[in-house]
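Since the structure comes first, as structure tokens, the remarks are kept for the end.
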Amino acid sequence: MQTAKTISEVRIAVRNAQAAGKRIGCVPTMGALHAGHLSLIEKARQDSDFVVVTIFVNPTQFGPSEDLSKYPRPLQRDLKLCEQAGADLVFHPDVPTIYQKEPQITVSVGDLATRWEGASRPGHFDGVATVVTKLFNIVGPDVAFFGQKDFQQLSIIRAICKDLDFPIEIISCPTIREEDGLALSSRNAYLSSASRKSSTVLYQALCLAEELTQRDEFTLEQIRHKMHSLLLSQPGVEPVYATIVDTERLEELEQRQTKIVAIIAAKLGQTRLIDNMIIRL
Ligand code: PAF
């Protein structure tokens, strides 16, 4: 496995792989890799011939109250895991390599970035969109892999490719869960043991939404209420939102469609968890 810290090293490695006829796959990450990330690298290994993993803790997607300096950066461990999972190249630039001093151009996302996660993290998705656009320009992949767990991020990345004409196939990879249903996330480590017990209710509320949307006796509004009530039934769980939206613009739905997504965010102590489930009717 190769590693690169500069843009030119990445471009040379990718150009060589392309010259050998290889299909380039990219897995953007912020490091501190867990089994969810490794499943993306493994999927990239299956679906492409040259797998580029990027590890970059992107400062522009952190809000002023979010502690960028405390974000874990276990680089040596991450590199080992990337190698075991089948990466060919890991790009781990420092901040000045990615961001010029006082950049004049950034990517700004429309109203898709203002709801749900965007409502409580202003500027977050503009930061994600800017860095993903830059990483796509640096790596130039044919295909890129993202977890379904961050569903709003995934929708925004699809919109970047559509609206900014990137010829990149975006593959959504299934959420990896603990045995009791909790979606894997680096934030799970911050849960107290009581919150960890309560946390399974997020997945249960999504399963409830799936079950009830498949039956006709409840409106989507009633189902939303039932999701909320179930979340509130667990000690220490504070719902932020629990609703059913369309899969592209993530607008709240009043009527069923053939493909919908139930999305949830809840606070458990200081930890905010998100999860979602795509439902086909
Ligand atoms: O999902 C993440 O880890 C990040 O938001 C991403 C896509 C790597 C951009 O920094």
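Regarding segment 229-243, can at least one residue be identified that is over 15 Å from F151 (Cα atoms), in a loop (DSSP other than H, G, I, E, B), modelled with pLDDT under 95 and not basic (K, R)?
No, segment 229-243 has no match at all.
Might you check whether a residue that is within 30 Å of D142 (Cα to Cα), in contact (Cβ under 8 Å) with a residue 24 or more places away in the chain and not in a helix (DSSP H, G or I) occurs anywhere in segment 184-201?
Scanning segment 184-201 turns up at least one residue that is within 30 Å of D142 (Cα to Cα), in contact (Cβ under 8 Å) with a residue 24 or more places away in the chain and not in a helix (DSSP H, G or I).
Those residues that are over 21 Å from I41 (Cβ atoms) and either within 16 Å of the ligand (Cβ to nearest atom) or not in a loop (DSSP other than H, G, I, E, B) (or both), I need them from segment 145-165; list them, please. Steps first, answer last, please.
So the first thing to find is which residues in segment 145-165 are over 21 Å from I41 (Cβ atoms), and the list is 152, 155-156, 159-160, 162-165.
The answer is Q152, S155, I156, A159, I160, K162, D163, L164.
Given the conditions (1) over 18 Å from M30 (Cα atoms); (2) touching a helix residue (DSSP H, G or I) at 6+ places or on another chain (Cβ under 7 Å), report the number of the one that L206 does not fulfil.
(2)
So R158 ticks every box in (1) surrounded by fewer than 21 Cβ atoms within 10 Å (Cβ to Cβ); (2) touching a strand residue (DSSP E or B) at 6+ places or on another chain (Cβ under 6 Å); (3) within 26 Å of L231 (Cα to Cα) but one. Which box is left unticked?
(3)
Condition test on G36, is it within 16 Å of the ligand (Cβ to nearest atom), modelled with pLDDT of 95 or more and not aliphatic (A, V, I, L, M)? Before you say what the answer is, go through the steps one by one.
Working: within 16 Å of the ligand (Cβ to nearest atom): yes; modelled with pLDDT of 95 or more: yes; not aliphatic (A, V, I, L, M): yes.
When the stated conditions are applied, G36 passes them.
Quick one: is E102 modelled with pLDDT of 95 or more and more than 13 Å from the ligand (Cβ to nearest atom)?
no
Consider only pairs whose beta carbons are under 8 Å apart and that are at least six residues apart or on different chains; among these, list those whose first residue lies in segment 127-147 and is within 14 Å of A159 (Cα to Cα) and at pLDDT below 95 and whose second residue is near the ligand (Cβ under 8 Å from one of its atoms) and not hydroxyl-bearing (S, T, Y).
none
So which of A44, A87 is surrounded by 22 or more Cβ atoms within 10 Å (Cβ to Cβ), at pLDDT 95 or above and more than 20 Å from L184 (Cα to Cα)?
That would be A87, the only listed residue that is surrounded by 22 or more Cβ atoms within 10 Å (Cβ to Cβ), at pLDDT 95 or above and more than 20 Å from L184 (Cα to Cα).
The values are calculated or read from the model by the stated rules, or taken from the named source; none is laboratory data. As the structure is a computational prediction, the values presented were derived from the model and not from experiment. When we count neighbours, we look across all protein chains shown, and the Cβ atoms used for this are built from the backbone with ideal geometry, even at glycine.
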